[in-house]
Amino acid sequence: MRYVPLDTPKPISKIGLGTWQFGSREWGYGPDYEQRAAQIVRRALDLGVTLFDTAEIYGFGRSERILGAALGDDRAKVVVASKIFPVLPLAPVVQQRAVASAARLGVAGIDLYQVHQPNPVVADTTTMRGMRTLQDVGLVGEVGVSNYGLRRWRFAEAALGRRVLSNQVRYSMVDRSPEKDLIPYAEQAGRIVIAYSPLGQGFLSGRYDARNPPAGAVRRANPYFLPENLERGTELIATLREVADAHDATPSQIALAYLLRHPNVVAIPGASAVEQVERNAAAAEIDLADDEYAALVTAAHAFRPVTGLAAVPKLIRARTRK
C-alpha cells in the first residue's frame, strides 16, 4: 500500500474503503452482505488500508455501526471518516450530530469529519464554528468537506481558521472535472481530494455492456449505464483492457491507478466481496508509464456520454421496461 505524502497524525492510504453499501438496501447485495462487510473491513486492514469512509446518512446510521463493529480494537489505528448530512448545519447541530456519529462508530474521536454537501442556505461560517469547537474539545481531528467547488472549499477553510484537509468529490475517468482546479489546489496547498465513485459505480470495470446492463437501483439510476452510453464507452473500456494486459491487471485497477497518479488524490471504492477489496488495494502499486497514461487521457476525453436533461427520458424508458 502507498500513502499520501502529507503530515497527518495517521498515515492516509491511497486506496481507502467506501462504505455507502454497508446497511444500504439500494445496492441490492442481499441480506448476507452485513456479515460479508465485516470480512471486507478486516481484509482491508490486513492490506494496509487506513482510510475508512462512512456517513450518518448511509443506511441511516447502520453503515457507521457496521464499520465501527468491524474495526473493533483497530479503530484507534486507522483514519475513521464520517460525514454530517447538512439539513440544518448550525454550530450546535453539527456538534450534536458528531457526538451521535462517534457513538455509533464506537470511537472517542472522529479522525476526519466532513460536511456531506454544501448547504445552499446556511453559510459555512456557522457550520465551521461548530467544527472548530469539535476540534478544540478533541472529538474531531481533521475537518473535511464534500462536493464543494474550489471557491467554497477555500471559504470554508477561512471560516474554520484552520486547514480543511479534504474535499470528497465524484472523480473518475468519466468524471474528470476535479482535474481542472480541485486537484491542482490540493497539490499546491497540501490538501487531499478524496475520489468517490472512482470506477464510475462500476462502469469502468468492463463488466457491463449494452446487452449486459447492471442490476440494482443505484446503477439503474446512473445515466452512464444507459445502453447508448455503454455502447459509447466501448473504446474507453478497450483502452483500459489494453493497458491492464500490460500490467497483468484488471480494467478497474488501471482506472484506479489513473487517479492515484496524482499524489494528493485518494480513492475510496466500495467492495462487495473480499476479492474486490484485494484487487482495489493492489491498484495502489501500479505505476503507469507516461505513454499509457497519455493513452488513457485521450480515451477518457473521447468518451461523450448522454447525461443531464437529455438522459432523463432515456432513464425513464429504461426503468419502465424493467
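The values are calculated or read from the model by the stated rules, or taken from the named source; none is laboratory data. Note that the structure is predicted; figures quoted are calculated from it, not measured. Glycine gets a Cβ as well: all are built from the backbone with ideal geometry, and neighbour counts include every protein chain shown. Please note that ligands, DNA and RNA were not included when accessible areas were found on the heavy atoms of the full protein model with its side chains. Shrake-Rupley method; radii C 1.70, N 1.55, O 1.52, S 1.80 Å.
Results, tabulated for the structure shown:
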read-out	value
Sparse-neighbourhood loop sites, trypsin sites (Lys or Arg not before Pro) in segment 189-286 - DSSP loop, at most 16 other Cβ within 10 angstrom	ARG207, ARG211, ARG261
Acute angle (nearest 10 degrees) that the helix 251-260 long axis makes with the longest principal axis of the chain, alpha-carbon atoms	40
Gaussian network model of the chain, Cα within-10 Å springs - most flexible of LYS83, LYS14, LYS180	LYS180
Sulfur and carbon atoms: percent of accessible area, the chain [1.4 Å]	53
Length-normalised contact order for the chain - Cα pairs under 8 Å, 6+ apart - percent	19
Average Cα contact separation per residue, segment 147-257, under 8 Å, 6 or more apart, as relative contact order %	22
Lys, Arg +1 and Asp, Glu -1 on Cβ, resulting dipole of segment 30-91 about Cα centre, debye, nearest 20	20
Rough spin-label spacing in nm, given labels placed 7 Å along Cα→Cβ, for GLN39 and THR125	5.3
Rounded tilt (10° steps) of 33-46 against the dominant C-alpha axis of the chain	80
Rounded if a/c under 1.5, otherwise prolate or oblate - segment 174-311, Cα gyration tensor axes	rounded
Net +/- balance of residues flanking VAL274 in space, Cβ distance below 9 Å, scoring K and R +1, D and E -1	+1
For segment 120-195 versus segment 47-115, the gap between their alpha-carbon centres in whole angstrom	17
Nearest 10 degrees, 0 to 90: helix 124-136 Cα axis against the chain principal axis	70
Amide H within-cut-off set for LEU17, under 5 Å, with H built and near neighbours excluded	LEU51, PHE52, ASP53
Viscosity 0.890 mPa s, temperature 25 °C, Stokes-Einstein D of the chain from Kirkwood C-alpha radius, µm²/s	122
Segment 97-224: C-alpha gyration tensor shape, a/c 1.5 cut-off, then a/b vs b/c	prolate
Kirkwood Rh and Cα Rg combined as Rg over Rh, evaluated for segment 37-181	0.97
Accessible surface, per residue, of the chain when the full set of protein chains is kept, probe 1.4 Å, Å²	43
